[in-house]
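Enquirer: Before I ask anything, let me first share the structure, which is written out below as structure tokens.
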Amino acid sequence: MKTKTILMAAGLVLASSAAYAASWTGGDDLPTNPLACDATPGEVVAKPYDGGVPTNAPDRNGKKITVVDVPKLIGVGYFSATTKGQAEAAKELGNVDVKTDGPTKANIDEQITFIDNYVTSGVDGILFAANDPVAIAPVLKKALAAGINVVGYDANSTPDARQWFVNQAEFNGVAKSLVDNLAKEIGEDSAFAIVTSTFTTPNQARWIAEMAAYAAKCHPKLEFLETVEAQEDNVLSFNQATTLINKHGDKLKGIVGMTSVATPAAAEAVTQSGLCGKVAVVGLATPNAMKPYVEKDCVKSVVLWNPVDLGYAAIYVLRAAADGTLKPGDTSVKAGKLGELKVVNGSEILLGSPFVFDKSNIGQFDF
Amino acid sequence: MSFETATVRRSASTGFAARTFATYGQEFIILACIVVLFVAVGLIAPRFISPTNLTTIFVGNAYIAVAAIGMSMVIISGHIDVSVGSLIGVLATISGTLAVSGYPVWFAWLAPVIVGMVVTSFIGVLVAYVRIPSIVVTLGMLSILKGGLISVTGGAWITNLPPDYLIAQFRLFGIPSPVWFMIFLTAVAAMFMRYTAFGRSIYAIGGNGEAARVAGIPVERTTVTIFAIHGLFAGIAAVLFATQLQVIQSTVPPNLELTVITASVVGGVSILGGTGTVVGSTLAAILFAAIGSSLIFLNVSAYWLRAVQGLLILATVLADMARRHRIG
Amino acid sequence: MTLSLRSFMRHEAVLGILLVLVLFVLAQQSDKFFTTANILNQGRLMTEIGLIALPMTFVIITGGIDLSVGSILGLCAILLGVFWQNLGLPLPAAMALAVCVGALAGLVNGLIITRFKVPPLIATLATLALYRGLAEGISQARSVRGYPEWFFVLGQGEVLGVPTQLWILIVFAIGAAAILGLTTFGRATYAVGANETAARFSGINVDRTKLLIYTASGLVSGIAAVIFVSRVSTTRSDMGTGVELDVITAVVLGGTSIFGGRGTIIGTVIGLILVQALKNGLALSGVKGDGTIVVIGVVLIFAILASNLFSRNGDG
Amino acid sequence: MTDTGRTAKPMTATPASSAETAPPLVELRNTSKTFSGIKVLKNVGFDVRPGEVHALLGENGAGKSTLIKILSGFHTPDEGGEIRVNGRPVSFSSPRDARKAGIATVYQELLLFPDMTVAENIFIGHAPRAGMGALDWNEMRRRARALLDDLDSHDLDVDARVGGLSVANRQRVEIAKALSQDARLLIMDEPTASLADADVRRLLDVVRRLRERGVAIIYISHRMPEIFALADRVTVLRDGALIGTKDIEEVDDASLVSMMVGRSIDQLFPKVVVPIGAPVLELRKVSFKDEVQDISLTLRAGEILGIAGLVGSGRTELALTIFGITPATSGEILLNGRPVTIRSPQQARDLGIAYVPEDRGLQGLVKPQTIRENVSMALLDRISKGSIVDRVKESALARDAIARFGIRARGPEQRAGQLSGGNQQKVVLAKWVSTNPKVLIMDEPTRGIDVGAKSEIHALMCKLAGEGLAVIMISSELPEVLGMSDRIMVMNGGRMVRTFDRSEATPDVVGAAMTHAGASHAGGAA
């Protein structure tokens, strides 16, 4: 009897919170800022510098610095690409010693521990891609307090916890690019579904939220079916995408992959189901994984910034911050082969607009 | 005495059907679950039981089913391997690396199987001869394999796999090869477990290790062999896993070891050793795939997917416990 | 007396020597390792794992296992946020309630194990999925942030120069050691693990003992969740993923027999410190994370191997 | 019937009558065994001839187990010793080697696989094969059937799960297993220790039949009547040394006992008659499912009530019901005249009921723990303050117990598992007597215990009764029940069939009551 009551109570907890399910599963609740439907660039509001400043940083101008890069997780193609870019930039500069180290799963706790250890061991600079913007803040502030230069890339922290953030593309820009490409391929009246890693991954959640806002504004007839989770696991992503195809049949015209794992898996699912050309796949992905599908015309376009460039830029920004050549209030920074990069949003350095890979250019990239 | 008499009487009157049920009770429950699921969800969403979706379900967890065969043997013998997920990740990477490095395709298929057997034999030696509990050895091995893999590969994906390497995409009579592998290996393993002296000695070791020794079964050697067989299946599973898509992630698939162990135990393998069959674990792997698929078809909010899976596992286990109490 | 005590402490002694050795080598590798700031900071980082490892020691001594602790941690963290933000409860009440839910989750584990006689490994394997699923379902993938400043005292503050949560860990560890070593309950725990039937026939309430231990396991996971949230200032449903393996590694490394009946809190604490020292010291010496994982795996196997060899020599 | 033929083959056609003159089948010469520097077997010489039953006697710890473990390949003897089979020296490095030499052992703890069938258990490790190395299940079942029929066990189903069988039936499976592989020497380690009388008789028949076929048997038992009924020769060990090997005609009960213990024991059952006091425990139509039915009895202070019955007659089940392990489903229990409900062992203990269980290793002792921890286990609450265990009191308690019960141990910190069977039993007894119970239930208190320890336990029992304790004693040994009890209750099929006063109880009438009413059931248990 007692047992039953407790089990029922547990069930109630379950049921009581089942009430609210957002229409676009996977999004977060933060305010969205959809771009205009045409090509008008987003309004750039001049904002004063809102990043942090390292305390009592030694003069590192021109001196050799040791930098550690702590991405969200190691062992995924995306972050091996950023590592590659970092190594490239470090080699060009000649006075930066960089290594990548991080957790094997995208886990906030482990990431914090890694950074903490490097703060203790006394590096000159830290690069990070945050698993959680708030959770990572205290340890980054600690690094700043220890006089370490801190620069983020890919996934931001709260601004005051780091000096600069290299923004690969703004969330609303990515969302617009994805939705526009999708609408172009499948038509306005069609239905699509999303395959993401997990609902809790902040970048993905943000993009989905922005996509929802942008689609509502500019492509109101586009029908969103559902979002499925597939971890960072390509076989699971493949199974989930195949099941989506089986479930919706002809109705499903497009699949959006939110991660560089999910997109090739979705393309594979479409290929193995023999639906090339009938079901479109758009999404974020690295070129190498997508080449077979793009070359076979199964996938028309892949959206992504170039993660090699992202890592490359991050090293240049860090070097500039360490040298003191990039100071609060500056409006641009030189980044080697990438040229001048703009400072936006107070303390963010914009890499550029998201890049669209297609059959004509995908062969030129190798990452 | 009354209990005793009842047992004797009942077993004296047991026919073939009853004997079969006593051995395969859990398997029938899971089979029933699968059938009920197919029928119920099929009524609501007819596409669920379309041939293509059924194929997806059967293919989806085929590599898990194959890995669960070896895992079942390990668990029946009274041990466990929590490193199997990492091992499959490592073996898939080895296989893919060989395939893109110009080695013959058969070698890329064979190498992971052999390496898998070597690694698990080593685990077996530590367990059987050095007498370290298997959960400790494999917990350590989990770390070693996972860390080692990332150290070596740095997480770079393996792309440009040669098309004739992708064995999991081959079809025979229109059915993808993983399904054939799953069916064939399950059948062979089930026969092996039932009809060979070695197969029976797996149960003997798990049921009563001391008695097995007295019965002249070389317990240590058998244990190492069981682990080696487990490595064999892990190797095959790794090849199926690696060749399913055109890229290999060269990381450890998240939570794979838990999925494989869950398939084994839900399939009726007693975690205490001594009982269970490999048919059950295969059915359980199919059931999991079917559950995952059905949740998408039933529009269960994806947020609740894992909660529902947990509840279903719990329900299956409780049903099994109820059945065991009834049989006594 | 001496013989039994010797065999009992043998693993802890081997481990203690290993720890000293490791600390010595690591201190040679980096001068940052043996600094007060670093040591205290490591204490902060290992608190959650350390807290959960205490009841886990009890669980494993009874011959059981609790794989759901990481999921309970995630569930409690989410509920802390939901109670506070969505239901508008005062934060202290939300904290208390979240811990209560942890205890409830542990109690459910205990009931499944004792009432329905489901082996602990399977029962908690199922609730591992269930509780994580609840956390995901309830949170709908939303993070809860913006906790008041005083709340961070727990996870980021200091008392008398020592991280707040390290005090909590110390108090809990001493408490757990006392309960296990000195009380009737501790005795019952060992007896249940060494021979459940004999314990039952001796008038020990086996089911109640197990129920209390699993409930405590859930409760402490809830406390760890609150500390965790306070330390990282945010709430996410994937918190605590994989914690169970870290906890079990520490406990097993500490000499608690996976078959039950044997183990000490001191051993667990040494095991914890050893793992944390390795993670930290190797990082400071420039070894990367994946290398550290490999080392921990090797140490785990080696430590159990060494203590096996020693005890075999001793017993003849 | 190939089995019979195969079993008969190595007999070398030696009729039982000429056994004395035949060369030894297996011989141990000058065999010693040392564990951690302690010599547990000292230069023992021993031989078995084909077709003889050779009884091996000695108190627990005398070296019998070591000797048979050397013969069955578990231990290798120290340098200097020699094992000969058919006159040829051999060395066994594993039980498998011994098996191959035709030596099979039926252990005291039956080594079977509970989840496997009878047939499978018999043939584990050497199952019949069909083609391509596959097991031939039908052949296996057929041959198992034949072997069991041979042992006169027609009622045992070859497809039954061994886990559900009675002890007697499991033992038959063990014997069939030994015979299934050409055993020329069968070692039986206390085969009757856990059997009821009727089962013992059947077992003795089986042993005789094997002897007639020329199988040599080493038979270990503490029960004298069996030894005189079966053995051709007797070897006595004491403290690891050989005391002597004699033909059975040369010895009698008393001389054997004095060889074993090194002194003479005057009285096997030192029953002391004590005044019987007021009723302590009353049962009124107590039932548990269909295992215990409508039992009513009154137990008085100072009284020893013996419960006799076959295994499965409901004796142990009744004890478990009184002790709260399987709480009564109907009926009423009164303690000191007041009705009580007992739903758990804790309640029973708190009410002053103690139970020394049947299975010492499983239910009685926590073997990896120390004597101290075992003795205090049932009364931890009473020796603790605010639930902190008082170690001083606890140690004192353990030392008291060691002194009072004459436990031979190195001290309170010795692990219980390292003690001999008799001393283990005393630890269990000490645990329960320390709780100051009013009612003490002892289930098979002397099973598997050597003669010396046995009489010590009997003496203790009388002493406790003399102190006003009400005792219930359950035993399969009829002489024990008759010798120790003030009153005897006979159970059969879960019911009480008769009670006898001490004066009117004779082996014949009690034995008849045990078997008579439930003749139809006996088949199941037997």
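The values are calculated or read from the model by the stated rules, or taken from the named source; none is laboratory data. Because the structure is a prediction, the values reported are computed rather than measured. FYI the Cβ positions are ideal-geometry reconstructions off the backbone, even for glycines, and counts take in every protein chain you see.
Enquirer: Select from region C:140-167 the residues that are in contact with a Phe, Trp or Tyr (Cβ under 8 Å, 6 or more places away or on another chain) and within 13 Å of another protein chain (Cβ to nearest Cβ) and write down the one among them that is farthest from C:Gln42 (Cα to Cα).
Expert: Looking at the filtered set, the residue picked out is C:Gln140.
Enquirer: Next question. Take C:Leu91 and tell me if it is more than 14 Å from chain B (Cβ to nearest Cβ), surrounded by fewer than 24 Cβ atoms within 10 Å (Cβ to Cβ) and under 20 Å from the mean Cα position of the chain (by Cα).
Expert: no
Enquirer: I need the full set of residues from region D:89-126 which are among the β-branched types (Val, Ile, Thr) and either surrounded by 19 or more Cβ atoms within 10 Å (Cβ to Cβ) or within 25 Å of the chain's Cα centre (by Cα) (or both), in order please.
Expert: Initial filter on region D:89-126 (among the β-branched types (Val, Ile, Thr)): D:90, D:103, D:105-106, D:117-118, D:122, D:124.
Selection gives D:Ile103, D:Thr105, D:Val106, D:Thr117, D:Val118, D:Ile122, D:Ile124.
Enquirer: Further question: Quick one: is B:Ile205 touching a residue at least 12 places away in the same chain (Cβ under 8 Å) and in a loop (DSSP other than H, G, I, E, B)?
Expert: Considered against the rule, which asks whether it is touching a residue at least 12 places away in the same chain (Cβ under 8 Å) and in a loop (DSSP other than H, G, I, E, B), B:Ile205 comes out as no.
Enquirer: How many residues are surrounded by fewer than 21 Cβ atoms within 10 Å (Cβ to Cβ) and in a helix (DSSP H, G or I) when one looks only at region D:416-432?
Expert: The number of residues fulfilling the criteria is 2.
Enquirer: Consider B:Val130 carefully, then state whether it is within 13 Å of chain C (Cβ to nearest Cβ), surrounded by fewer than 21 Cβ atoms within 10 Å (Cβ to Cβ), more than 22 Å from the chain's Cα centre (by Cα) and not in a helix (DSSP H, G or I).
Expert: Spelling it out, B:Val130 is indeed within 13 Å of chain C (Cβ to nearest Cβ), surrounded by fewer than 21 Cβ atoms within 10 Å (Cβ to Cβ), more than 22 Å from the chain's Cα centre (by Cα) and not in a helix (DSSP H, G or I).
Enquirer: Here are the criteria: (1) buried (at least 22 other Cβ atoms within 10 Å of the Cβ); (2) farther than 30 Å from A:Lys63 by Cα. Tell me which single one A:Asn306 does not satisfy.
Expert: Every listed condition holds for A:Asn306 apart from (2).
Enquirer: Restricting to region C:291-308, what's the tally of residues that are farther than 18 Å from C:Gln29 by Cβ, at the interface with another protein chain (Cβ under 7 Å from one of its Cβ atoms) and more than 21 Å from the chain's Cα centre (by Cα)?
Expert: 2
Enquirer: Of these, A:Gly277, A:Gly257, A:Gly283, which one is at positive phi, within 18 Å of the chain's Cα centre (by Cα) and of a type in the set (Gly, Ala, Ser)? Don't jump to the end; show me each part of the working.
Expert: On the way: A:Gly277 fails: within 18 Å of the chain's Cα centre (by Cα); A:Gly257 fails: at positive phi.
Within the list A:Gly277, A:Gly257, A:Gly283, the selection yields A:Gly283.
Enquirer: Sort through B:Val136, B:Val82 and tell me the only one that's of a type in the set (A, V, I, L, M, F, W, C), without any contact (Cβ under 8 Å) to a residue 60 or more places away in the chain and crowded, with 19+ Cβ neighbours inside 10 Å. Spell out the reasoning first.
Expert: Details: B:Val82 fails: without any contact (Cβ under 8 Å) to a residue 60 or more places away in the chain.
Every option except B:Val136 fails the conditions.
Enquirer: Looking at B:Val260, B:Val317, can you tell me which residue is within 13 Å of chain C (Cβ to nearest Cβ) and surrounded by fewer than 24 Cβ atoms within 10 Å (Cβ to Cβ)?
Expert: The match here is B:Val317.
Enquirer: Here is a follow-up. Looking at region D:123-150, which of its residues are touching a Ser or Thr at 6+ places or on another chain (Cβ under 8 Å), of a type in the set (A, V, I, L, M) and facing chain B (nearest Cβ under 10 Å)?
Expert: Answer for region D:123-150, where residues must be touching a Ser or Thr at 6+ places or on another chain (Cβ under 8 Å), of a type in the set (A, V, I, L, M) and facing chain B (nearest Cβ under 10 Å): D:Ile124, D:Ala134, D:Leu135.
Enquirer: Continuing with the same structure: Within region C:198-240, work out how many residues are basic (Lys, Arg), more than 19 Å from the chain's Cα centre (by Cα) and within 30 Å of D:Leu429 (Cβ to Cβ).
Expert: Of the residues in region C:198-240, 2 are basic (Lys, Arg), more than 19 Å from the chain's Cα centre (by Cα) and within 30 Å of D:Leu429 (Cβ to Cβ).
Enquirer: Now for a separate question. What residue, among those in region D:218-242 that are assigned to a strand (DSSP E or B) and under 19 Å from the mean Cα position of the chain (by Cα), is nearest to D:Ala101 (Cα to Cα)?
Expert: Checking each candidate, the answer is D:Ile218.
The rows are residues; the columns are (1) at pLDDT below 80; (2) away from chain B (no Cβ under 12 Å); (3) touching a helix residue (DSSP H, G or I) at 6+ places or on another chain (Cβ under 8 Å).
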residue: A:Arg60; (1), (2), (3): no, yes, yes
residue: A:Ile65; (1), (2), (3): no, yes, yes
residue: A:Gly77; (1), (2), (3): yes, no, yes
residue: A:Ser80; (1), (2), (3): no, no, no
residue: A:Lys84; (1), (2), (3): no, no, yes
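Enquirer: Take the residues of region B:139-163 that are of a type in the set (S, T, N, Q) and more than 7 Å from every other protein chain (Cβ to nearest Cβ): which is surrounded by the fewest Cβ atoms within 10 Å (Cβ to Cβ)?
Expert: Out of the qualifying residues, it is B:Asn160.
Enquirer: Taking region A:200-235, which residues are at the interface with chain B (Cβ under 8 Å from one of its Cβ atoms) and either assigned to a helix (DSSP H, G or I) or closer than 22 Å to A:Gly187 by Cβ (or both)?
Expert: Answer for region A:200-235, where residues must be at the interface with chain B (Cβ under 8 Å from one of its Cβ atoms) and either assigned to a helix (DSSP H, G or I) or closer than 22 Å to A:Gly187 by Cβ (or both): A:Glu226, A:Thr227, A:Asn234, A:Val235.
Enquirer: Against the condition closer than 21 Å to D:Asn336 by Cα and out of contact with any strand residue (DSSP E or B) (no Cβ under 9 Å at 6 or more places or on another chain), how does D:Gly466 come out, does it pass?
Expert: Numbers: closer than 21 Å to D:Asn336 by Cα: yes; out of contact with any strand residue (DSSP E or B) (no Cβ under 9 Å at 6 or more places or on another chain): yes.
So D:Gly466 fits the description; yes.
Enquirer: For residues that are over 15 Å from D:Met224 (Cβ atoms) and outside any helix (DSSP H, G or I), tally how many sit in region D:449-469.
Expert: 3
Enquirer: Let me ask another. State yes or no: is D:Arg415 out of contact with any strand residue (DSSP E or B) (no Cβ under 9 Å at 6 or more places or on another chain), over 30 Å from D:Leu165 (Cβ atoms) and without any contact (Cβ under 8 Å) to a residue 60 or more places away in the chain?
Expert: Criteria not met by D:Arg415.
Enquirer: Of the numbered conditions (1) modelled with pLDDT of 60 or more; (2) at the interface with chain D (Cβ under 10 Å from one of its Cβ atoms), B:Ala12 satisfies every one except a single condition; which is it?
Expert: All conditions pass for B:Ala12, except number (1).
Enquirer: From the list B:Phe233, B:Phe227, which residue is within 30 Å of C:Val275 (Cβ to Cβ), in contact with a Gly (Cβ under 7 Å, 6 or more places away or on another chain), crowded, with 23+ Cβ neighbours inside 10 Å and more than 11 Å from chain C (Cβ to nearest Cβ)?
Expert: Every option except B:Phe227 fails the conditions.
Enquirer: Which residue out of A:Asp132, A:Asp180 is of a type in the set (Asp, Glu) and either free of Cβ contacts under 8 Å to residues at least 60 places away in the same chain or in a helix (DSSP H, G or I) (or both)? Lay out the reasoning, then the answer.
Expert: Values: A:Asp132 fails: either free of Cβ contacts under 8 Å to residues at least 60 places away in the same chain or in a helix (DSSP H, G or I) (or both).
On inspection, the qualifying residue turns out to be A:Asp180.
Enquirer: When you go through (1) touching a residue at least 40 places away in the same chain (Cβ under 8 Å); (2) among the small types (Gly, Ala, Ser); (3) touching a Leu at 6+ places or on another chain (Cβ under 8 Å) one by one for A:Ser121, which number turns out not to apply?
Expert: Single failed check for A:Ser121: (1).
Enquirer: Additional query: Being under 28 Å from A:Gln272 (Cβ atoms), of a type outside the set (S, T, N, Q) and within 11 Å of the chain's Cα centre (by Cα) narrows it down to one of B:Ala238, B:Ala234, B:Ala242, so name that one.
Expert: B:Ala234
Enquirer: Among the residues of region D:338-359, is there at least one that is closer than 18 Å to D:Thr499 by Cβ and more than 14 Å from chain B (Cβ to nearest Cβ)?
Expert: No, the conditions are met nowhere in region D:338-359.
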